[in-house]
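Have a look at the structure below before the remarks.
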2 protein chains.
Amino acid sequence: MDFRKISNISVECVVFGLDQNGINILLSKRSLKMYDDKYPVIDDWVLTGDHVLKSERLDKSAERIFYGLTGLKDAYKKQFRTFGNPERIKNEKDVLWLKSRGVYPRVMSVAYYFLLPAFRVKLCNENTRWFSLDNLPKLGFDHSEIISKAFNDLQNRVVVEPLIFEFLDDKFTLNELQIAYQYVFDVEIDNRNFRKKAINKTYIVPLDEKRLGHGSKKPANLYMFSKDIYEKTRDKSQIINI
Amino acid sequence: MDFRKISNISVECVVFGLDQNGINILLSKRSLKMYDDKYPVIDDWVLTGDHVLKSERLDKSAERIFYGLTGLKDAYKKQFRTFGNPERIKNEKDVLWLKSRGVYPRVMSVAYYFLLPAFRVKLCNENTRWFSLDNLPKLGFDHSEIISKAFNDLQNRVVVEPLIFEFLDDKFTLNELQIAYQYVFDVEIDNRNFRKKAINKTYIVPLDEKRLGHGSKKPANLYMFSKDIYEKTRDKSQIINI
DNA sequence: GCAAAAGTGTTACAGGTACACCCATGT
DNA sequence: ACATGGGTGTACCTGTAACACTTTTGC
């Protein structure tokens with residue numbers, strides 16, 4: 001195993017976490033102090049990434065970075081795009097940052113996104129925190145673009161693959177599922193119609209278990225997603241939406 | 001402009017071309033002669049790719065390679081994945097090939113696919129030709145995997161975006177459209193139902209023009225796709241397939 | 001006049017949409 | 001007893017699936 005870093009290739013991670021208020025992104029603080037400890041030259045937020053190691057698979061690299069960020073090992077991840085234009089880093093601060101790290105300025109960033117319910121991440125320091133997707137701060141590098149491309153890919157994929165369940169706990173209520181869809185597509189869904197549809201899906205399996213609390217007084221029935229049934233019952237006829 | 005090549009980053013192009021018989025892939029011959037001109041050590045088929053130039057955008061690189069291959073400048077292209085595992089090239093022949101080129105063995109390949117009607121490409125030498133997607137030869141490197149990932153991404157995307165039209169001429173008949181869907185999803189579609197559906201889409205615009213020939217005796221009505229209308233009439237309510 | 005693809009209509013059923021109130025429980 | 005989210009039913013309508021024959025033209 002060769003642990004040296006490949007100087008011109010990095011992996012960047014977009015972590016999407018769903019909570020009651022919507023979709024959030026996990027960002028890290030970037031700060032650079034030069035003349036004065038109190039007033040850093042750079043003090044903003046960025047996605048988390050790192051250079052790929054010489055003998056490391058890309059997926060492993062993404063997992064390593066994600067683990068460093070969240071302490072978690074299992075979450076859905078998707079490599080969705082590589083950003084590598086030469087003029088990608090042109091902003092003065094970004095150039096300064098890279099120089100301070102001695103990095104060659106044209107870096108290919110292989111970008112991944114991760115999906116999970118936000119509560120799974122236990123934040124333990126001030127340098128990492130959630131930001132609401134629709135209220136992001138100004139980000140360093142081209143990370144705003146990376147996030148918007150990631151979200152776009154996510155929206156497309158949710159139509160076609162059962163990714164929505166990645167945002168939920170293993171056991172979830174139908175209302176939680178509905179809310180997840182609403183946030184992902186920024187739409188309102190009729191609750192009665194949604195439940196009918198959901199209950200008719202064989203791969204959304206009702207459990208003999210209820211959840212208390214969560215603001216409600218009446219306990220809600222829990223369901224789970226069966227990937228198994230999903231794959232067995234999946235057919236192509238839905239397809240021709242033209 | 002710096003025309004030197006980046007040694008560890010390449011772009012690979014998967015060119016999908018549709019014709020009457022289905023979906024085809026454009027491949028290039030790879031051959032390496034060492035001891036004997038008649039019996040090359042390597043003589044097989046691969047995707048076309050090249051190293052990215054030092055000051056070239058990734059998209060431009062893909063366009064340059066595609067142009068070299070087909071002589072065409074305008075075709076739909078999509079960057080769909082980057083392949084860069086260290087153990088990606090392990091086959092003896094592939095290692096030999098790279099050595100003969102003096103290339104560093106861990107290369108990140110940013111992979112694109114292109115969509116077009118096959119007839120647009122005028123083939124002019126023996127080293128490039130179409131192969132039917134479901135009857136590919138044994139390919140060098142990990143190119144089989146790249147193609148299958150590309151096709152998979154394509155199938156997903158066609159559900160969600162109007163990519164199917166990229167496979168057709170600007171003016172097309174409804175039967176051609178139907179056949180395109182049939183090949184992409186490997187399904188049979190009822191012609192009457194399909195026509196009803198298609199005619200009801202406002203973005204599939206009937207033209208006052210007919211096409212003769214093509215094996216048929218009766219001329220077929222031509223249609224065009226209006227991206228404009230598509231985008232204006234697109235709504236999110238189709239979405240919740242769960 | 002025949003070969004070859006283009007084009008057409010109806011019926012039955014499934015699934016979607018719109019819409020407003022009662023239920024179970026904790027406090 | 002009241003506040004809170006959980007949960008339900010119906011009528012209408014739209015869209016889909018299944019199905020077989022006629023039309024237009026070139027040869």
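Just so you know, all these numbers are worked out from the coordinates, no wet-lab data involved. Since the structure is predicted, the reported quantities are computational estimates derived from the model, not experimental observations. Glycine gets a Cβ as well: all are built from the backbone with ideal geometry, and neighbour counts include every protein chain shown.
Projection of the Cα convex hull of the stretch B:20-158, averaged over all directions and equal to a quarter of that hull's surface, yields 9.5 nm². In this Cβ point-charge picture (+1 for Lys and Arg, -1 for Asp and Glu), the stretch B:169-239 has a dipole of about 280 debye about its Cα centre. By DSSP, the beta bridges lying fully in chain B are antiparallel in about 75 percent of cases. For the pair A:MET1 and A:ARG211, label points projected 7 Å from Cα toward Cβ lie 3.6 nm apart.
May I ask for the equivalent-ellipsoid semi-axes of chain A, computed as the square root of five times each C-alpha gyration tensor eigenvalue and listed largest first in whole Å? So the three semi-axes of chain A are 37, 20, 17 Å.
Inter-copy label distances at A:TYR39, shortest first and taken from points set 7 Å along Cα to Cβ: 7.8 nm. Loop-resident trypsin sites (Lys or Arg not before Pro) (DSSP state other than H, G, I, E or B) in the stretch B:121-190 with no more than 16 further Cβ atoms inside 10 Å of their Cβ: B:LYS122, B:LYS138, B:LYS171. With N the number of residues in the stretch B:81-204, Rg(Cα) / (2.2 N^0.38 Å) evaluates to 1.36. Between A:LEU98 and B:SER148, the FRET efficiency estimated from the beta carbon spacing at R0 = 30 angstrom works out to 0.25. Which of B:LYS78, B:LYS218, B:LYS227 moves the most in a Gaussian network model of chain B with Cα springs under 10 Å? In the Gaussian network model the winner is B:LYS218. Summarising the rotation from chain B to chain A, the nearest chain B beta-carbon to the axis and its distance in Å are given as B:THR82, 2.
Considering only B:ASP44, B:ASP19, B:ASP228, the Gaussian network model of chain B with Cα springs below 10 Å gives its largest mean-square fluctuation to B:ASP228. A DSSP coil position with no more than 11 other Cβ atoms inside 10 Å describes the following chymotrypsin sites (Phe, Trp or Tyr not before Pro) in the stretch B:2-108: B:PHE3, B:TYR35. Note down the net charge around A:GLY84, summing +1 for each Lys or Arg and -1 for each Asp or Glu among other residues with Cβ under 9 Å from its Cβ. Once positives and negatives cancel, what remains is +3. Under a Gaussian network description of chain B, with springs only between Cα atoms under 10 Å, the residue in B:ASP153, B:ASP208, B:ASP43 that fluctuates furthest is B:ASP208. Roughly what % of DSSP beta bridges within the protein assembly as shown run antiparallel, to the nearest 5? Expressed as a percentage, antiparallel bridges in the protein assembly as shown total about 75.
Per residue, the convex hull spanned by the Cα atoms of the protein assembly as shown amounts to 194 cubic angstrom. As a proxy for reagent exposure, B:SER109, B:SER100 were ordered by neighbouring Cβ count within 10 angstrom, fewest first; the result is B:SER100, B:SER109.
Taking the charge dipole of chain A about its Cα centre, with +1 at Lys and Arg Cβ atoms and -1 at Asp and Glu Cβ atoms, the residue from A:PHE66, A:ILE42, A:LEU207 reaching farthest to the positive side is A:LEU207.
The relative contact order of chain B, computed from alpha carbon pairs under 8 Å that lie at least 6 residues apart in sequence, is 21 percent. Each copy carries a label point for B:VAL95 at 7 Å from Cα along the beta-carbon vector; from one copy to the others these points are 4.4 nm apart, nearest first. For A:GLN155 and B:LYS122, the FRET efficiency from 1/(1 + (r/R0)^6), where r spans their Cβ atoms and R0 equals 41 Å, is about 0.60.
Would you mind getting me the FRET efficiency between A:LYS218 and A:ASP170? Use the beta-carbon distance for r and R0 = 22 Å, nearest 0.05. Approximately 0.50, to the nearest 0.05.
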